[in-house]
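Here the structure comes first, spelled out in structure tokens, and everything after it is commentary.
The values are calculated or read from the model by the stated rules, or taken from the named source; none is laboratory data. Owing to the predicted nature of the structure, the values given are computational and were not obtained by experimental measurement. In this analysis, Cβ positions are derived from the backbone assuming ideal geometry, glycine residues included, and neighbour counts consider all displayed protein chains. When the accessible area is computed, the model is the full protein with side chains, heavy atoms only, and any ligands, DNA or RNA have been set aside. Shrake-Rupley method; radii C 1.70, N 1.55, O 1.52, S 1.80 Å.
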Amino acid sequence: MKETLKRILLIISILMLCMMLIDKSIAINMVDLDKQKKEVSERLNQKNKQLEYVKEELTTALLEIQKLEDEILQYETNLTKYEAQISKLQKSIDNAIDKIEIAQEDCETREEILRDRLVEMYKAGDVTYLDVLLSSKSLTEFISSYFLMRQIVEYDNLYIEQIEREKNELEETKTKLEKQQKEIRTVKAKKEQTTTILTNKKILQKAQASKLTKAEKELQKEITEYKKEVYRIQGLIAQASGEEFLPIQYTGGNMIWPVAKEGTAITSYYEQREHPISGIVHYHSGIDIGNAYFGTPVVAAMDGYVSYAGWLGGYGNCVIINHGDGVSTLYGHGQAILTTLHKQVKQGDLIMEVGSTGNSTGPHLHFEVRINGYTVNPLLYVNEPT
Ligand SMILES: [Zn+2]
């Protein structure tokens, strides 16, 4: 009897020790997982901060490019204007040159005529009133011829002088126009230089922007990985603490996959269009997620509050979550609703069970994303798990 009691006590002791050890190992595992989750969350926060910084820098770079483009356009417009001015001045200069040439020729011709006339007079001897008198038939003719001759010489002289004056004026105008043209050319050359500098700056900025875009993409990829890791650890924590394990799937984007079961997939896509050939209007306000059985957990795709929980016509048992900023999600055909109206929910919280209530032929989740009440393609917010 004493031996039996001893043995029972020993067994109990061993059992208690074992339980303590198991309990302790679970506790250690939980602490470990919590620590892991904190670490990953910390890294996730850091990456998010980095992403914000990169996005800000990218915005600045893009604004700078826009500014440079505007400036370049301004300079190019000015260059075209200067080009027009230069060619207009060139026309005036050419015109002046032509006129100068004509005046020059005119002057030469006149001078020649005058010279010839003077030579003739010289050949004929010194032109005196006597010569003219003798060659004149009458006194009247003499007077008229004599004065006429003198008048002609004087007139020619005046005319040549006038042409010379005009020619000089034209030369001055030409010089002035050429000076103007030279000045504009200098301004134009400076503007061209500035345009080149700006264009080079723009090229550098574009390179910087593309570098930032690449950095943004890489950060977003890293963030997706960290988020996946956080959800994975969360699942492990739930498992370790004896809670129901929800295989929550984060596949990038703002929302998580609303069905917590691996292997579920889209069986009907979002469609808002008329078939180009048949003319039949396809209309599907959300995506259908199939390969999910009755009772599969449906989870909140994003944080928010429950703005509808109950029967809703063809949707059957339906939950609508308002996420703020005009964004809401709708979950239809549920077997059971596991949340209540006005309840605050976190991303990944259990809200419904997959069913086939309402207008449905088999168990699936009908999932909608609405912006200000209008449906949009849910794949803009959530990716299908691969
Ligand atoms: Zn549907």
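Taken together, A301, A309 contain a single residue that is more than 18 Å from P378 (Cβ to Cβ) and buried (at least 19 other Cβ atoms within 10 Å of the Cβ), which is A309. State whether the residues of the stretch 179-199 include one that is under 30 Å from E384 (Cα atoms) and open to solvent by 80 Å² or more (accessible area, probe 1.4 Å). Among the residues of the stretch 179-199, not one is under 30 Å from E384 (Cα atoms) and open to solvent by 80 Å² or more (accessible area, probe 1.4 Å), which makes the answer no.
The conditions of being assigned by TED's automatic domain parsing to the domain that holds N254 and without any contact (Cβ under 8 Å) to a residue 40 or more places away in the chain are not met by N317.
Only one residue in K81, K38, K55 is open to solvent by 80 Å² or more (accessible area, probe 1.4 Å), over 26 Å from E216 (Cα atoms) and at pLDDT 85 or above, so which one is that? Residue meeting the stated conditions: K81. Of the residues making up the stretch 313-330, those that are open to solvent by less than 10 Å² (accessible area, probe 1.4 Å) and charged (D, E, K, R) number 0. Filtered by the rule that a residue be away from the ligand (no atom under 16 Å from the Cβ) and buried (at least 22 other Cβ atoms within 10 Å of the Cβ), the stretch 278-296 gives no residues.
Just one residue in the set L133, L158 is assigned to a helix (DSSP H, G or I) and modelled with pLDDT of 70 or more; that residue is L158. Among the residues of the stretch 331-341, those that are within 21 Å of G290 (Cβ to Cβ) and open to solvent by 20 Å² or more (accessible area, probe 1.4 Å) comprise Q335, A336, I337, L338. Looking at V319, V306, just one residue is away from the ligand (no atom under 16 Å from the Cβ) and either modelled with pLDDT of 95 or more or closer than 17 Å to T267 by Cα (or both), and that residue is V306.
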